[in-house]
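Colleague: Attaching a single structure in structure tokens format; questions to follow.
The values are calculated or read from the model by the stated rules, or taken from the named source; none is laboratory data. The structure displayed is predicted, hence computed values, not measured ones. Counting neighbours? That spans all protein chains shown, and the Cβs are built from the backbone with ideal geometry, glycine included.
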Amino acid sequence: MTTASDSVASSKADTTTITKDLLVPYCRFLSEVLGPKSEVVLHDARTGAILWISENPISGRKVGEKNAIPVLRMLDEKCGKAGSDRIIGLMTRYEEGSLQRTSNLMVRQENELRYVICVNQDLSELSRFHEATRFLFDIETAPVREPIQNQIEDIEAMVTDIILEEVKHADVYRYGGKQAKMTILSRLRRRGVFKVKQAVPKVCELLHMAQPTLYKYLKQLEETEGEV
């Protein structure tokens, strides 16, 4: 049976131009299959604009709104490092008791990232069920030690995931301004992101900030929030 992925791959092989009109039926199909607790979003990777989104989206976004192009690029970079065209199951707790699972498919045309299909699933009810029944399934296991290089790579990957989670959650590009950026920097700071050296340039790129400005904001947060 031919799948949506097969069709897209076939289109590439036939040098058929991949367009919004080609992808929207697959997005609509995914949306109907996944149901009302999920949303499917089609992004234009060149402009960041939302080209199509499920009816009654869980994020409240609309067609025409723009995501940050650097966020899409970072997702693509993460895929490239993994030798894949997709990210499956990036988990985000965007408020107490709420859990969202995000998956992304990078769609390329002649080696250029053209579209990103994003699937967001609201797992809040499942999360609350898991918390209520966790004691039934808890099993303690001895930790497995990994080589140091693997640990470093895992830490860098984890930091990238945290940055993507917080930036996508804050949706800072929809309203901008210093206070929005201070809010997301505060959340990243509390999660220990800035203890990893590689985090600073990534955050600066996503928030369109110069490094001196970022350090100035972090200094202000340290003065108001104290050490973390």
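Colleague: Scan the range 17-50 for residues that are touching a residue at least 40 places away in the same chain (Cβ under 8 Å), among the hydrophobic types (A, V, I, L, M, F, W, C) and in a strand (DSSP E or B) and report the count.
Modeller: 3
Colleague: Of a type in the set (A, V, I, L, M), under 17 Å from the mean Cα position of the chain (by Cα), outside any helix (DSSP H, G or I) and modelled with pLDDT of 60 or more: does that describe residue 185?
Modeller: Answer is no for this residue.
Colleague: Going through the range 62-75 one residue at a time, which ones are touching a residue at least 40 places away in the same chain (Cβ under 8 Å) and either surrounded by 16 or more Cβ atoms within 10 Å (Cβ to Cβ) or part of a helix (DSSP H, G or I) (or both)?
Modeller: 65, 67, 68, 70, 71, 72, 73, 74, 75
Colleague: For the range 39-52, how many residues are crowded, with 21+ Cβ neighbours inside 10 Å and not hydrophobic (A, V, I, L, M, F, W, C)?
Modeller: Final tally of qualifying residues: 2.
Colleague: Scan the range 87-101 and give yes if some residue there is touching a helix residue (DSSP H, G or I) at 6+ places or on another chain (Cβ under 9 Å), at pLDDT below 70, on the phi > 0 side of the Ramachandran plot and assigned to a loop (DSSP other than H, G, I, E, B), otherwise no.
Modeller: yes
Colleague: Of all residues in the range 174-202, count the ones that are among the β-branched types (Val, Ile, Thr), closer than 30 Å to residue 60 by Cβ and touching a helix residue (DSSP H, G or I) at 6+ places or on another chain (Cβ under 6 Å).
Modeller: 2
Colleague: Pairs, please: C-beta under 8 Å, at least 6 apart or cross-chain, first residue closer than 16 Å to residue 165 by Cα and in the range 201-217, second basic (Lys, Arg)?
Modeller: 207/181
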